[in-house]
1. Report Rg (one decimal) and Dmax (nearest whole number) for region 192-338, counting Cα atoms only, units Å.
2. Which of LEU422, LEU768 comes first, and how do the rest follow, when ranked by fewest Cβ neighbours within 10 Å?
3. For region 370-410, with the dipole built from +1 on Lys and Arg beta-carbon atoms and -1 on Asp and Glu ones, taken about the Cα centre, which of GLN391, THR410, ASN373 lies farthest toward the positive end?
4. What is the pair-distance distribution P(r) of region 429-518, computed from all Cα-Cα distances in 10 Å bins starting at 0, with each bin given as a whole percent?
5. Dimensions of region 303-412 along principal axes (Cα, Å, largest first)?
6. Using a simple charge model, +1 on the beta-carbon of Lys and Arg, -1 on the beta-carbon of Asp and Glu, nothing else, what dipole does the chain show about its Cα centre, in debye to the nearest 20?
7. Across 20 Å bins from 0, what is the distribution of all Cα-Cα pair distances for the chain, in whole percents?
8. Which three lengths, in whole Å and largest first, does region 395-439 cover when its Cα atoms are put on their principal axes?
Amino acid sequence: MKFFKFLSITLLAGLIGIALPACRQEKKYRIGVSQCSDDDWRKKMNEEIEREVMFHDNVEVEIRSADDSNEHQIADLNYFADNGFDIIITAPNESDPITPTIDSIMARGIPVVVFDRTVTDHNYTAFQGADNDSIGIQVADYVNQLPGDKKRVLEIFGNPGSSPARGRHNGFIKQIDLYPDVELIASGVGNWNYERAAKVADSLLTIYPDAEVIYAHNDRMALAASDVADNKGLHPFIIGVDAAPQIGMKGVAEGKIKATFLYPTEGHEVIRTALDILEGKPYDKESILKATSVVDESNADILLLQDQSLREETSKMERLKTEVDRYWKEHRLQTVFLYILGGLLLMLFILLFLFLRAFWKTQRQQAQLVEQNKELETQRDNERRLNEQLQQATQSKLMFFTNVSHDLRTPLTLIAEPVRQLSEADNLTPPQKTMMRLALKNVRILQRLINQVLDFRKYENGRLSLSLTEVNIYSLVEDWTEAFLAEARRRHMKLSIDSSLDNSLHLALDVEKIERVFFNLLSNAFKYTPDNGNIDVSLKSEGDNLIISVADSGRGIPPEDIANIFDRFFQVDKVHPKGSGIGLSLAKAFVELHEGSLSVVSELGKGSVFTVSIPIKHVAETPVEVKGAITGSDVSDEVGRIERQEPALPSDSDSDEERPLVLVIDDNTDILILLSELLNERYRVITAPNGSEGVRLAAKYVPDLVICDVMMPVMDGLECCRRIKSEVSTSHIPVLMLTACSMDEQRVQGYESGADGYLSKPFSDVVLSARCDSLIQNRRRIIDLYSADKNIPAPTRKAPQAPASQPGDIDNEFYRRFIEIFRASMSNPDVNVDALAAEMGLGRSQFYRKIKALTNFSPVELIRNIRLKEARNLLLTSEMTVSEIAYAVGFSTPAYFTKCYRESFGETPSDTRANLVAP
Ligand code: ADP
């Protein structure tokens, strides 16, 4: 989405970027033209200016006329300066009044081009004008060559404040000095305009009616003089200046004036100069246009015609220009459209591409989805097939179970009875009695389990029916609960019945089934509630239902398991099950057969409440007398522990006891009992109910062998083994792992954790003893290894055997450190074993057992042997005397040293020396 947004913005910006330059048609330069008046000559010049501008696209011109008024002209000039015009072209009306305005404009940095008329102080950017003096001269020359002897001239002046008037006069005066036949007899100011000139001409002609020539500074004044002369019936030779087509030339052509002198306009020139200034090109600051030829009756018509055709051409050009402009405008517009169209097309292509890409992507994803869907369907089919196979397998398994259970029933009954009778025999030794009880307990459990499995199958097959009897429920529950009282007392538990029932309430029940439901609930409460806990049985009626609930203060059930608790074979603790997991599902089935329900509310760590609700129905008017069938031995078989004499824990005084010490770690009390009884004869046995207790006991008593179950709560067997093997005080102890599982993987894990052997359940007494013996024996061989390798005299003179396994790094390191610490104080005869133990980080008895286990010597013996071995070395390799050696290796007297030496090596130290000297 973001990408699309970015794309559209970019494209839009691109389009604007493309279109903008095409649209832009800005005029670059603005030129203001301020004319002093609006006569024909200026019109012609304006036309030339506008014609020139046509050729420059970047120029815009505005022409204003001051109508011979200085105020107007000042206003026009200021207008141009204030409105951002780039350059101002002006013909000042009168020099003096206009000069300050031009000065101020120049001071503002705006260039000013003055034309035709000049300013007083010549402060301008450029000047362009005709040479008026030369016009005066040409007029004088022309008058001189007129026929006649004497030419007396009347002059009609322009505005005396304007420079052309002064130039035209001065040139004339100067030139007639050369011509004696030409005489200026009078001048009058016509101020450039017709009316004023007419008056002046009238006065002059009144005074000088016989004047031959009238020289007017422009054509308009010449025409006025002509009209006045006509009126007076006079015919002087009238000369004008400017030769503007519609006045001067026309006047000559019509015979009103005799001649006029072309005063150049050059409007195009003044624009070019302005552009040169603006574009920074070189230009002439003063350009004086040459006055050109005379117009008289010989050429006036032709010039008029020329002018006419020029006008026509100009108007054609203007039309052409308008057309070109229009075409150009259209062209630009079309270009813009073209660009926009191109942009749009590009955008369209990109959109199309993106659309196609998105489409392809969707197609691909759809294909993938279809593929995944197919896979899922295949998986589902496979799962369904597997499920069916599983169901079939379960069914076959259950069938097999049922069949096997059927087959087991009879042999079990045949075992159970002899075992019961044997266990009650009087001539049994206490261990035999314990084992018989163990056997009986487990036979009973098996029998119950088999009955449960068979009942459950019957229920599943719809072959379980109710056999209803009208009974008094309160007395029944009381009977059942009573059977548990002894167990409750033994375990210091509070077992109570709380009833809000009418004690005489009776209802129809299948007594045997409800009894089993109750037995299951109450025995579960006992199994999962620790000693000193509370168990409450409560009875009440709610509407037409009987409610029996069993509440305990036990461990509770995890919320995620509550939903499964009534499933067949489900057990919360799969590692250490205390039953088969079929009890509750069967109980539920029995309750449901009564059209009732069984539910549970439980909180982890706080306890559980199981509630049975059964509709109260009747099959008889009065209840039948029925006694509860649960017996105390049923209870102790299910939840009780076998009582036996706990083996005494070893004390320090046992250090000399010959029988090796075996630590058995298992969470199953029955297994602990069995192992203790099996090993008791040849070993001293201590037991631990879990791994962490096992590690603690191993460190405390440093046994000769540890037998450890793999799967245990709190700390499992692998971790337990790892800890034992990593502790200095216990690292040397062989560990035999016990497991119900014979999988290789578990064996590997066991060996990785440092186990020395593996034994799968079930095991026979013989195999167990053999394994224990061989592990302890192997340990002995390692002791020989220490004794032989470490320069210590062997305690017994046995033929050396190849060790079955090498001592571990921890043991090597322990022994190396011991030797190092001891050697440092060898010469001290009072070396304290307790201090040595503390320095090695062990307690006295731990140290004793460790040294004994590694070397088979007590620490004191080991120390003495090391001293003797060192003494023998010194005897053989040094020059020291026997006494010196005795003290050096820490004997208090040489005599005692000699005694010990002889005992150990069968010769005196002197004999050893003597043998060395005389080989
Ligand atoms: P079992 O015969 O193994 O006791 P049950 O079907 O009776 O099997 O019980 C299934 C599981 O429900 C048990 O393994 C146990 O984890 C859990 N359970 C049953 N009753 C309780 C109880 N009162 N407190 C805690 N857990 C219980």
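1. 21.9, 79
2. The fewest-first ordering by Cβ neighbours comes to LEU422, LEU768.
3. Of GLN391, THR410, ASN373, it is THR410.
4. 13, 28, 33, 21, 5, 0
5. 155, 16, 8
6. Once rounded to the nearest 20, the dipole reads 5360 debye.
7. Taking every Cα pair in the chain, the percentages come to 10, 20, 13, 9, 7, 8, 14, 13, 6, 0.
8. 47, 16, 7
Read-outs: derived from the displayed coordinates by stated rules, not from any lab. The model shown is predicted, which means the values in this text are computed figures rather than measured ones. Glycine also receives a Cβ, built like all others from the backbone with ideal geometry; neighbour counts cover every protein chain displayed.
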